[in-house]
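Peer 1: Okay, handing you the structure first.
The values are calculated or read from the model by the stated rules, or taken from the named source; none is laboratory data. Quantities reported herein were computed from a predicted structural model and do not represent experimental measurements. Methodologically, a virtual Cβ is constructed for each residue, glycine included, from the backbone with ideal geometry; neighbour enumeration extends over all protein chains shown. Surface areas here come from the heavy atoms of the whole protein model, side chains and all, with no ligands, DNA or RNA. Shrake-Rupley method; radii C 1.70, N 1.55, O 1.52, S 1.80 Å.
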Amino acid sequence: MQDNETNAPVPQAGGTWSGRFGEPVAEIVKRYTASVGFDRRLALFDIRGSVAHARMLHAVGILSREDWEAIERGLSSVADDVRAGRFEWSLDLEDVHLNIERRLTERIGEAGKRLHTGRSRNDQVATDVRLFLREALDDLAELARRVQVALLDLAEHHAATVMPGFTHLQVAQPVSFGHHLMAYFEMLDRDIGRLVDCRTRMNRLPLGAAALAGTSYPIDREMVARELGFDGVCENSLDAVSDRDFAIEFSGAASLLMVHLSRMSEELILWMSPRFGFIDLADRFCTGSSIMPQKKNPDVPELIRGKTGRVVGHLMALLMLMKSQPLAYNKDNQEDKEPLFDVVDTLAQTLAILADMLRGITVHPEAMRAAARQGFATATDLADYLVKRGVPFRDAHEAVARAVRHAEAQGCDLADLPLETLRGFCDKIEADVYQVLTLEGALDARNHVGGTAPVQVRAAIARARQRLAAGG
Ligand code: ARG
């Protein structure tokens, strides 16, 4: 296309900035630089930001009442189109911001061209992403709380269910299954805390920074911040347009959360293997094999484990994205969106499915108990018993180690050895030793805050429920 008077090519990229250029952008470059394919997801946040900006422009006397009203009406009808899926996105218009602004102008004329007064896409996009992430953070925290509640319910059921506790994946000491589950509740509690923290630091308004240095118009940033529910404004305009800490911080918190869920998944997978046989997952969370008819595979926890790598990968991508950027805005920043969106989506799906899956777990307490007995899980209790009878701990440890070796050779548990045999290892042993050699005895003995005694587990669950009810 040629301009008749100047013989120059007619600007193509929406005419938004292309007046300066002598030739249209190459097709391949257009595709390479456009973000509308993914940032259209920000559309409604972009419109919210524009509504607040226009209101402020009117309040300070930059926009006439008619223009402001036309803009509000126009933006609201554009928002309707977006919601209804009627909006036709154009690659020629590069990104979500230019697409919406162009549509607005097509709809309301001149007034639409006044909306961009005193702002830049640089502070605009920084605002949009923060609005998006703020909402996502609230949803994710809520989903994480649902997993916590599922854990609490299962733990409550199994406060007195005995399982082997492991160190080095070797049977160590008996623990309550409920206690084990509550460890994950605690991890999630910290994860939610990190999400909430991140929200607080993020909730500041970049708008007003314009391209990088601020704007010469008498804008009221505080007003826009209030309108959009920000706690205040970003203090420094250069920082406001170039900072993506919030995306990194969020992805960091999300990565750690996924690592916790991955550890939990790994345990579910182990526990479901016939070698353990501690639990069974509901059929709806498993799949079969196309060749082995007997298989029931724990695909969901395996995928949670796998998707953890994906989320951590996005965190790395965001860190690398920032590491060499000079101030202030650079186009690199456009690359923040796809990883960020994917972290949000992966986390949301994972948390939702996990909460459901936990509710569909069948527990096999007999298998847990049998595993605890096989591993001499009460050996420490026997040593403690001797110490309470005056034997130095190191000597007690040695005596019990010999007893374990003997029991192992006999193929039985410590509790199965006759009193006479036990006394052969230490003459301080009396008939009451069998109380400490039982699994229940070992659990009950650890009766302090944070311990595995069922009464403590129930108290911990009650405190946890209170914390949840108080809003985390
Ligand atoms: N699509 C851009 C992004 O996501 C919007 C900001 C573009 N600003 C610019 N000066 N090219 O970052």
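Peer 1: Using +1 on the beta carbon of Lys and Arg, -1 on that of Asp and Glu, and nothing else charged, what's the dipole of the chain about the Cα centre, debye to 20?
Peer 2: Working: 56 positive and 67 negative charges, 99 e Å.
It works out to roughly 480 debye.
Peer 1: Sticking with the crude label model, points 7 Å out along Cα→Cβ, report the distance from Glu366 to Ala401 in nm, one decimal please.
Peer 2: About 3.7 nm, to one decimal.
Peer 1: Follow-up. If you only keep lysine pairs separated by 8 or more in sequence, or across chains, how many in the chain come under 19 Å at the Cα atoms? Walk me through the numbers before you get to the answer.
Peer 2: Numbers: Lys30/Lys331; Lys30/Lys337; Lys307/Lys337; Lys323/Lys331; Lys323/Lys337; Lys388/Lys428.
Within the chain, the lysine pair count is 6.
Peer 1: Sticking with this one: Just to confirm, what accessible area per residue do you get for the chain at 1.4 Å probe, in whole Å²?
Peer 2: I get 48 Å² per residue for the chain.
Peer 1: Something else now. Looking at the calculated P(r) for region 376-445, what percent of the C-alpha pair distances fall above 16 Å? Write out the running numbers ahead of the final one.
Peer 2: Numbers: 920 of 2415 pairs.
Beyond 16 Å sits 38 percent of the P(r) for region 376-445.
Peer 1: Taking only Cα atoms, what is the 0 to 90° angle, nearest 10, from helix 337-359's long axis to the longest principal axis of the chain?
Peer 2: Value to nearest ten degrees: 40.
Peer 1: What per residue convex hull volume, in Å³, comes out for region 157-202 when only alpha-carbon positions are used? Walk me through the intermediate numbers first.
Peer 2: Working: hull volume 3.4 nm³, N = 46.
Convex hull volume per residue, Cα atoms: 73 Å³.
Peer 1: Out of Ala442, Ala459, Gly375, whose Cα points farthest toward the positive end of the dipole of region 326-472 (charges: +1 Lys, Arg; -1 Asp, Glu; placed on Cβ)?
Peer 2: Ala459
Peer 1: Could you calculate the FRET efficiency of Arg423 with Asn447 from 1/(1 + (r/R0)^6), where r is the beta carbon distance between them and R0 is 30 Å, rounded to 0.05? Before the final figure, lay out each step's value.
Peer 2: Numbers: r = 28 Å, r/R0 = 0.93.
It comes to 0.60.
Peer 1: Give the longest segment of the chain that steers clear of chymotrypsin sites (Phe, Trp or Tyr not before Pro) in DSSP loops with at most 15 neighbouring Cβ atoms within 10 Å, not counting the sites themselves.
Peer 2: Numbers: sites that count: Trp17, Phe21.
Longest site-free region, per DSSP loop and neighbour criteria: 22-472.
Peer 1: Put a dot 7 Å past each Cα toward the Cβ at Arg226 and Arg107; how far apart are the dots in nm?
Peer 2: 2.7 nm
Peer 1: Pull out the extension gain between Glu235 and Ala26, defined as 0.36 nm times the separation in residues minus the alpha carbon to alpha carbon distance; nm, one decimal.
Peer 2: Working: separation 209, 0.36 × 209 = 75.24 nm, distance 3.85 nm.
Contour length minus Cα-Cα distance gives 71.4 nm.
Peer 1: Could you list the trypsin sites (Lys or Arg not before Pro) in region 37-112 that lie in coil according to DSSP, counting only those with at most 10 other Cβ atoms within 10 Å of their Cβ? Working shown, then result.
Peer 2: Values: sites: Arg40, Arg41, Arg48, Arg55, Arg65, Arg73, Arg83, Arg86, Arg102, Arg103, Arg107; in loops: Arg86.
Hits after loop and neighbour filter: Arg86.
Peer 1: Another one. Probe radius 1.4 Å, ligands and nucleic acids ignored: give me the carbon and sulfur share of the accessible area of region 187-332 as a rounded percent. Please list the in-between numbers first.
Peer 2: Numbers: 3920 of 7180 Å².
Accessible surface attributable to carbon and sulfur in region 187-332 totals 55 percent.
Peer 1: Turning to a different aspect of this structure: What spacing in nm lies between the two simple spin-label points modelled at Asp416 and Lys331, each 7 Å away from Cα in the Cβ direction?
Peer 2: So the two model labels end up 7.4 nm from each other.
Peer 1: If you don't mind, there's one more thing I want to ask. With N denoting the number of residues in the chain, provide Rg(C-alpha) divided by 2.2 N^0.38 Å, to two decimal places.
Peer 2: On the way: Rg = 31.2 Å, N = 472, 2.2 N^0.38 = 22.8 Å.
My calculation over the Cα atoms of the chain gives 1.37.
Peer 1: Work out the length of the dipole vector of region 282-399 about its Cα centre, built from +1 on the beta-carbon of each Lys and Arg and -1 on the beta-carbon of each Asp and Glu, and round it to the nearest 20 debye.
Peer 2: On the way: 15 positive and 15 negative charges, 56 e Å.
In debye, rounded to 20, region 282-399 gives about 260.
Peer 1: Let me ask something additional. What dipole magnitude, in Debye to the nearest 20, does region 244-302 give about its Cα centre under +1 on Lys/Arg Cβ and -1 on Asp/Glu Cβ?
Peer 2: Here the size comes out at about 200 debye.
Peer 1: Can you give the longest stretch of the chain with no exposed loop site, where a site means GluC sites (Glu not before Pro) in a DSSP loop (not H, G, I, E or B) with at most 13 other C-beta atoms within 10 Å?
Peer 2: Working: sites that count: Glu5, Glu88, Glu235, Glu430.
Here the longest segment lacking exposed loop sites spans 236-429.
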